[in-house]
Amino acid sequence: MAAKKHKTRPKKVRNRQKTKMEKLGLVDTGMTVGELRRTLKLGQDYAQKEEWETALPYLLKAWDAMPDDISILTILSHCLAQLGVRDKAVMVLERTLSIHGATPEIMGVMLNLALEMAMYSVAIKLCLTLIEVQPDNPNHYVNLATAYTGAEKLDESIDMLQSVLPLFPEDSNLWNVLATQVRSRDGVEASEVFFEEALRLAPTDFKILSNYGQTMLMKGDWDKALELDLRAIEANPKSPEPRLGAAQLLFYQGRMKEAWEHYEYRLDTRRRSNQTQIYTHKIPIWEGQALEGKTLMVTAEQGIGDEIMFGNFLPFVYERAEKLVIGCDYRLVDIYKRRFPDAHVERYIDKTVSGYRYRNFAVAENLHKEGKMPIDYAIPVCSLPKFDWQETSDLKPHPDGFLKADPERVSDIKARFKAISDKPKVALAWRSGLMTAERTYIYGTVEDMGPLKAIADKVDFINIQYGETAQEIETIKKLHGITVHNFEDINLKMDIEANLAIMDSCDLVVSSCSAPGQFSMAVGAPTVLMAASKQWSVFGGGDTIPFARDGELVLARDTVDWNDIMTRVTNRISERLTL
């Protein structure tokens, strides 16, 4: 059978098509006008459905044909930003501005970028300008509220929202953002009525469902929180935030396999710029393959407390792999070198470009590229145990803790303790170092420590609360008559070696669910954690920490009553030290 001949468009038709495109101000890319219109329509339709990856190729083709079209430029920039390519989005915006100036459409895209990059003062100015131009657009007020919140101006935000809601009483986004901000300022209970109104107006809105889920988590209604998060995921499977909420709740229930699936979304670059990082290495991700004869690189992420918590699994892979490479917080380098003498250990270096945080481990990456230390796999530290922690029974503690305190520092600390008295020593930390409005509900305050007075003459309390604590320690003494001994020459935030030495030398450590508690359990010290709400890191519920040698949790009962929590903590200290 003869091959079918390809029919080329007659020259006259091609010339007419070219003339038509020139008249329309289009660049001839080989597409007909009809093909271009269909391409642009597909890109717009997919973008409307937030299917950004599918939309991008169509938008790029349309941009190639119409490089100065403002609608394509703005939607393409927004698409790039949603895909986590903010540097490319900025480039497109710069071109748009140079051609068209600051139109409302362009300012809207710039505003989204400013919010994603945590440039809140810029975002506030853009919002106010947009409101002047388009006062009837409720989205501008939603964005202004978000920017105010980022700038920690909750009162201004709530006042503004209450003044504009009568103008847009059916706008669910306004009710949603008001609910989140009332929650931050006035507490969970005060916010619920606003969340309910938002859901009444938009029962399948994934942002409202996710925010309300977080509220139920804070309230302690974890079954309701999980239901809302799963509904949010069904409404928008690609959004990372409800995935992370569901992960924590599933970890708490011991549903490890499901939890790990959702927890991977913490690495999604669509999250805010301060929540994730992009690794510069190009090493294949470890997917649980056998490590015999292989080199594995484990890379730091999140805060140092999370780095230590999941770092509990490092000894297990250290034993399996031919070579272990650890990229960590600079404060942990010497500690890890002492614990893993045959590993390559180095600090990470971060660089921010176009709102993205790029994390590199320069020495290891160069040795790998030069073939001097080939690395087979890499994995972020919080994913390290996921192939082994498939059931709650898989979590195993290290008999003596997974980190070792420096013997010289321990000797120094014990000498300091002896100079105080021969009483048992109880280390004390009461809050996180990061006290945002959203986190204050988790922790007690120095005003809540009164019950500890019952044992204050039987033990010496030792400060392990990092940050500026002088005023708080003075308040504890003034209000409760409790002395908390503090070594002023030690910077607890910067000197993790000192933390480990103090905790290793104490008879008991009492801590909020924050980094000091993780340090204590990592060194194998007996630890009592105190919390206002359930902690997903117990992995399966209960009141013991499964990956710790000796860690237990004192949790609020039906309502958050810190006097009750501190009373039970005091009783546990007495019982454990047989006072």
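Quick look at the numbers
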item	result
Members of region 239-254 that are of a type outside the set (A, V, I, L, M, F, W, C) and in a helix (DSSP H, G or I)	Pro240, Glu241, Pro242, Arg243, Gly245, Gln248, Tyr252, Gln253
Some residue of region 544-558 being in a helix (DSSP H, G or I) and crowded, with 24+ Cβ neighbours inside 10 Å	no
Subset tally (residues that are among the aliphatic types (A, V, I, L, M), more than 17 Å from Val410 (Cβ to Cβ) and assigned to a loop (DSSP other than H, G, I, E, B)) for region 463-496	2
Close pairs (6 angstrom Cβ cut-off, 6 or more residues apart or separate chains): within 14 Å of Ser163 (Cβ to Cβ) in region 127-138, surrounded by 17 or more Cβ atoms within 10 Å (Cβ to Cβ) and not hydroxyl-bearing (Ser, Thr, Tyr) anywhere	Ile131/His140; Pro138/Phe168; Pro138/Asp171; Pro138/Leu174
Selected residue (only one of Glu301, Glu322 is under 17 Å from Phe340 (Cα atoms) and among the acidic types (Asp, Glu))	Glu322
Verdict on Leu93 being assigned by TED's automatic domain parsing to the domain that holds Met160, touching a helix residue (DSSP H, G or I) at 6+ places or on another chain (Cβ under 7 Å) and modelled with pLDDT of 70 or more	no
Criterion (over 30 Å from Gly213 (Cα atoms) and touching a helix residue (DSSP H, G or I) at 6+ places or on another chain (Cβ under 7 Å)) met by exactly one of Ala300, Ala343	Ala343
Among the candidates Leu296, Leu332, Leu324, residue that is farther than 22 Å from Ala81 by Cα, of a type in the set (A, V, I, L, M, F, W, C), touching a strand residue (DSSP E or B) at 6+ places or on another chain (Cβ under 7 Å) and in contact (Cβ under 8 Å) with a residue 40 or more places away in the chain	Leu296
Ile349 among the hydrophobic types (A, V, I, L, M, F, W, C), in the same structural domain as Phe310 (by TED's automatic domain parsing) and either surrounded by fewer than 16 Cβ atoms within 10 Å (Cβ to Cβ) or touching a Lys or Arg at 6+ places or on another chain (Cβ under 7 Å) (or both)	yes
Among the candidates Gln82, Gln44, Gln48, residue that is within 26 Å of Leu267 (Cα to Cα), modelled with pLDDT of 80 or more and not acidic (Asp, Glu)	Gln48
Matching residues in region 463-482 - criterion: being within 20 Å of Ser421 (Cβ to Cβ) and exposed (fewer than 14 other Cβ atoms within 10 Å of the Cβ)	Lys477, Gly481
Strands (runs of 3 or more DSSP E) wholly inside region 318-421 that include at least 1 residues being farther than 28 Å from Ala247 by Cα and not small (Gly, Ala, Ser)	323-328, 344-347, 349-353
Only one of Met530, Met503, Met521 that is touching a Cys at 6+ places or on another chain (Cβ under 9 Å), buried (at least 24 other Cβ atoms within 10 Å of the Cβ) and touching a residue at least 60 places away in the same chain (Cβ under 8 Å)	Met530
Hey, Tyr348 at pLDDT 95 or above, touching a strand residue (DSSP E or B) at 6+ places or on another chain (Cβ under 9 Å) and within 30 Å of Leu113 (Cβ to Cβ) or not	yes
Candidates Ile106, Ile72 - the one that is at pLDDT below 75, within 26 Å of Pro135 (Cα to Cα) and in the same structural domain as Lys41 (by TED's automatic domain parsing)	Ile106
Residue identified as of a type outside the set (Lys, Arg), part of a loop (DSSP other than H, G, I, E, B) and at pLDDT below 95 among Glu189, Glu132, Glu170, Glu152	Glu152
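The values are calculated or read from the model by the stated rules, or taken from the named source; none is laboratory data. Since the model is a prediction, treat every value here as computed from it, not as a measurement. Positions of Cβ are backbone-derived with ideal geometry, glycine not excepted, and every protein chain shown enters the neighbour counts.
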